[in-house]
Amino acid sequence: MPEAGSERLSPQGVPYKDLPHIINADGQYLFCRYWTPESQPRGLLFIVHGAGEHCGGYSDLAQMLAEHSLLVFAHDHLGHGQSEGDRMVISDFHIFIRDSLQHIDLMRSRHPGLPVFVVGHSMGGAISILTVCERPNDFAGVVLIAPMVQMNPESATPFKVFMAKLLNHLVPSMSLGAIDSKWISRDQKEVQAYDADVLNYHGGLRISFGMQLMNAATKIEKALPGISWPFLLLHGDNDKLCDIKGSQMMHEKAQSQDKKLKVYSGAYHALHHELPDTTSSVLKEISTWIVQRLPEED
């Protein structure tokens, strides 16, 4: 890794040279995590976290997948967690996709010939879809946990979209309000843990960020009929943060032969941090689906 500006500090005040990191195309440092299997890896798996959170929230899922001989890796998106950048500010949603492809390419170069899987949650689901759409032949399969496929109809009425576009020109940093953590999970311990996590962003969502999410949703909707890669969709039917209709639309419109939508009755948004029975079912569903698509062991 280049060490220029090695005394640059994470938002927590730790020198990046002391942290696992990559440096993106704009010279910004992104904090990384790696979960290495004890045996020879049979596949690579990239985890893509959601808006306002960080990749540390996926440790349980990552560790379980590492036990299935997957080398799991992730980074905090620009402006998130322990990575550089203004909090929850992005000039172009494609930066998330570009940075994801950079990290994936780095790991592929270190472990050539291994199949690559992606697991994305919420906004990370949107990033995952657009990332894989850029290089559809490079991926063995994609798991989407409550992905942001379309904007919530209640928050994206034509009038609200018009006002958002107008305000984005006038006051792009104006806040649309914070994510309501009570809708993260039905498990109050998980909600409390989310609220207490200082690496999560608890401030308001800027209009400029909301516009980038809307632009991403528009691109995804256009891309859906051309999707032919394998995917597993998992969604709670009581998700108030990412509308299940987006997952239903993706399952219906994508031309993939290998596709599955599993709906969890009553579940909220973060299925990997839900009530214990739901979470264990979700983790089992993900690991089974991926392991079935790994090459046979020698």
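For every helix of n ≥ 4 consecutive DSSP H residues, a contribution of -39,500 (n - 2.57) applies; sum these over the chain, divide by its total residues, and give [θ] at 222 nm rounded to the nearest 500 deg cm²/dmol.
Estimated from H runs of four or more residues: -11000 deg cm²/dmol.
What percent do you get for the relative contact order of the stretch 37-116 when only Cα pairs under 8 Å and 6+ apart count?
Once divided by the residue count of the stretch 37-116, the mean separation gives 35 percent.
Looking at the chain, identify the longest residue range that excludes and avoids all GluC sites (Glu not before Pro) in DSSP loops having at most 16 other Cβ atoms within 10 Å.
Details: sites that count: Glu3, Glu7, Glu38, Glu67, Glu154, Glu296, Glu297.
Between the exposed loop sites, the longest stretch runs 155-295.
Would you work out the relative contact order for the chain, in percent, from Cα pairs under 8 angstrom that are 6 or more residues apart? Kindly include the intermediate steps, with their values, before the conclusion.
Numbers: 578 pairs, mean separation 52.2, N = 298.
Reported relative contact order: 18 percent.
Of Lys222/Lys245; Lys17/Lys284; Lys219/Lys245, which pairs sit farther than 26 Å apart, going by alpha carbon to alpha carbon?
The answer is Lys17/Lys284.
Throughout, read-outs are computed from the coordinates displayed, never taken from laboratory work. Quick caveat, the model's predicted, so the values are computed rather than measured. Note that each Cβ is placed from the backbone with ideal geometry, even for glycine, and that neighbours are counted across all protein chains shown.
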